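The values are calculated or read from the model by the stated rules, or taken from the named source; none is laboratory data. Since we're looking at a predicted model, the values are computed, not measured. Glycine also receives a Cβ, built like all others from the backbone with ideal geometry; neighbour counts cover every protein chain displayed.
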Amino acid sequence: MEASLRQHRQKRARAQDLARRAHAESLRLLAVNVRAGILALLAGTFGTLIWLWPATDPLLLLAWGAAMVIGIFTSARLVRASATWPQLGESLRRLEWCFAANAFFVGALWGALPLLGNDTPNSGAQTLVIMLLGIVALGGTGICAPSRLVFFAFIIPGVGPLIATLAADPPMALPQAAIATGVFAAMLGALHELFHLTLTSTVAQRLSSDTLAEEQRVILDSASEAILFTRGERLIKCNRRFANMVGESEDRLSGRPLWQWLADPAEWHRNADRARNALASGLTFRTKIRLRRSSGELLWVEFTAEAVDAEHLDKGVVWLGQDLTSRLRSEATLHESEARYRQLITLTSDWYWEWDDKLRFTHVSGPGLERAQLGPAAYGRTLGALHHISGVSAERWSALQQQIERHEPFRDFIWHGSQDAQDVRWFSMSGNPTFDTQGNFAGYHGIGSEVTEQMRGSEQFRQLAYHDTLTGLPNRRLLDDRLHLAIAQASRRDQRLAVMVIDLDNFKIINDTAGHAIGDVVLVAVARRLQGAIRASDTVARLGGDEFVAILPDIEDIAAARMVAEKITEALAQPIAAGDRQYLLGGSVGVAISPDDGTNSRTLLARADGAMYEAKRQGGSRHVIHNAAAPTQHTGASTRPVARPARTAN
């Protein structure tokens, strides 16, 4: 119901707008007619003065002529004013009334002619006046055709006095002159109505056609595809998209042969017969061809053609063209990225896997599948349904299930195969959720690898080898592994990844004044705050001293990285309790984004480190994004300039 009402209102609004435009166009035509009639009015006034001078009081006739000159001058002013008159409904009505008032004034002057002379009913002067008024009335009917109001404002005072005079004192030769004049006036009214209806109908149809043509032009020019209309090999009309595609203006394209824009004009002749045969059969013709822009640049375009009339191709053909440059470039980049990823996979023991929305394996590939027993037999089965997988605690299965139910990424899900008790082999899987174009959950994909050698060591050894002994955070070695893995995953899935280098401000003061024991307590507190500021799927590592690194895979955009950096600076700006005192530090954060700032770990870390130094140079307690236009400052922390803190040996 609401949609119907809205459609009715829109239709009514369009009708009102069309009526307003038709009214404005009618008044424009009226102004044109009045401008053309001014000369005729001057000639008629001058002739009347000459013809009636002998039979009329000269003073009255001169006064009449002066009044007529005023009417003519007013007509000229109205014509000039109408050119800049506001095209609004109320303003147009005022303009029409102005024309009507002037027409009434001029018509009344003509109507006063029978009252000026002393001529008898049978005199030649009276006959001359009657003929003159007939001519004026007929001319006024044509001039006032665009407006009924102006016509009646002119004709009633112009003819009315004559009819009254003839009725009061009819000529002896024509006693029914008043009736004849009235019939003449009625005929003029009918003639004006015919003129008016024809004119307004023509104007309305033209405006409707113009509106439709303009809407079609807007649609054509707004189309993302090139649209062409051709007859034979000549271009008849095209939209703006095709003009932009070939790098020329639209007005220079009509009439030119299509083969002029082909990189190889001979292709037109090679494809012409195929196109004619397909179109003559009522089929759609498709082809991919290279065009040459006016600048000499080449681009691939896919054209689709349909005949206006398959039996008469001379009526024309409509072509739709789509620029394939971006798509081909994206496909080439994707193929290159996939090739690099496949090459990377072949150099490692990793494999790639995919699940559907029911968590069933739909694809696995890579050199390590045989050892993991994840061949084609795994297709259509879930990970938990594979009987050879063991070594996973109930708590670990439950944690994985919860992450999957929340559609969260998971990392390092470790299990071992049970095929050989003497040679247990361990494997690790990591995955990210996937979604379709409507945002619906579509499954998971990720990579897996054999981690047998890592698992053969003791838990304490692994902790020492891959984690910082003070804070428990990943150390440089584990950071490098995770960063390389995150970069490979981001490159494979065409996602962004953020790397942040975090350096504490004024930490050296704590070590120098309170001792390293207090400094260690502060570092542990900082590590916990950094973990609380990022997602569970992210990584925060300690490089040494008071420098930390965070890895944020699968970020949507720079704004997401900026938000995390702000959370970190806000967390580090809060006082830290150590011993019986509280310490106010703050932190400087440098951010680099992959692939914008680099596609390898060394480049990303170097650029994030450079951005961090820029944050310190600007006063600290803020973050700076590499190549960003301006840094963002956290105003709740100290912003006084500090030197780069010394590194402690924790």
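Look at the range 100-124: where a residue is part of a loop (DSSP other than H, G, I, E, B) and a partner is modelled with pLDDT of 85 or more and buried (at least 19 other Cβ atoms within 10 Å of the Cβ), sitting 6+ places away or on another chain with Cβ atoms under 7 Å, you get ALA112/TRP64; ALA112/PRO161.
Taking every residue in the range 140-155 that is outside the structural domain of ARG94 (by TED's automatic domain parsing) and pairing it with any residue that is assigned to a loop (DSSP other than H, G, I, E, B), at least 6 positions away or on another chain, yields no pair with a Cβ-Cβ distance below 8 Å. Filtering PHE285, PHE195 for residues that are surrounded by 14 or more Cβ atoms within 10 Å (Cβ to Cβ), of a type outside the set (Gly, Ala, Ser) and under 18 Å from ALA305 (Cα atoms) leaves a single hit, PHE285. Of everything listed in (1) in contact with a Pro (Cβ under 8 Å, 6 or more places away or on another chain); (2) surrounded by fewer than 17 Cβ atoms within 10 Å (Cβ to Cβ); (3) in a helix (DSSP H, G or I), the single unmet condition for MET172 is (3).
Taking the range 213-242 as the range and being farther than 23 Å from LYS315 by Cα and among the small types (Gly, Ala, Ser) as the test, the residues that pass are SER222, ALA223, SER224. Close Cβ contacts (under 6 Å, 6 or more residues apart or on different chains) running from residues in the range 21-44 that are among the hydrophobic types (A, V, I, L, M, F, W, C) and modelled with pLDDT of 85 or more to residues that are outside any helix (DSSP H, G or I) and surrounded by 16 or more Cβ atoms within 10 Å (Cβ to Cβ) comprise LEU29/PRO146; LEU30/PRO146; LEU30/SER147. Taken over the range 549-569, the residue count meeting the criterion of being over 12 Å from ARG622 (Cα atoms), buried (at least 16 other Cβ atoms within 10 Å of the Cβ) and not aliphatic (A, V, I, L, M) is 2. Which numbered condition trips up ALA275, out of (1) over 30 Å from VAL451 (Cα atoms); (2) modelled with pLDDT under 80? With (1) over 30 Å from VAL451 (Cα atoms); (2) modelled with pLDDT under 80 applied to ALA275, the lone miss is (2). Set side by side, the residues GLY232, GLY189, GLY160 differ, and just one is out of contact with any Cys (no Cβ under 6 Å at 6 or more places or on another chain) and on the phi > 0 side of the Ramachandran plot, which is GLY232. Screening the candidates ALA550, ALA541, ALA498, ALA560 for the property of being assigned to a helix (DSSP H, G or I) and in the same structural domain as ILE625 (by TED's automatic domain parsing) yields one hit, ALA560. Checking each residue in the range 212-248 for being of a type in the set (A, V, I, L, M), touching a Phe, Trp or Tyr at 6+ places or on another chain (Cβ under 6 Å) and not in a helix (DSSP H, G or I) picks out ALA226, LEU228, ILE236.
Being under 12 Å from ASP323 (Cα atoms) and small (Gly, Ala, Ser) is the filter here, so list the residues in the range 216-245 that pass it. If the condition is that a residue be under 12 Å from ASP323 (Cα atoms) and small (Gly, Ala, Ser), then SER224, ALA226 are the ones that fit. The residues on offer are LEU41, LEU88, LEU62, LEU52, and the sole one that is surrounded by 13 or more Cβ atoms within 10 Å (Cβ to Cβ) and more than 22 Å from GLY140 (Cβ to Cβ) is LEU62.
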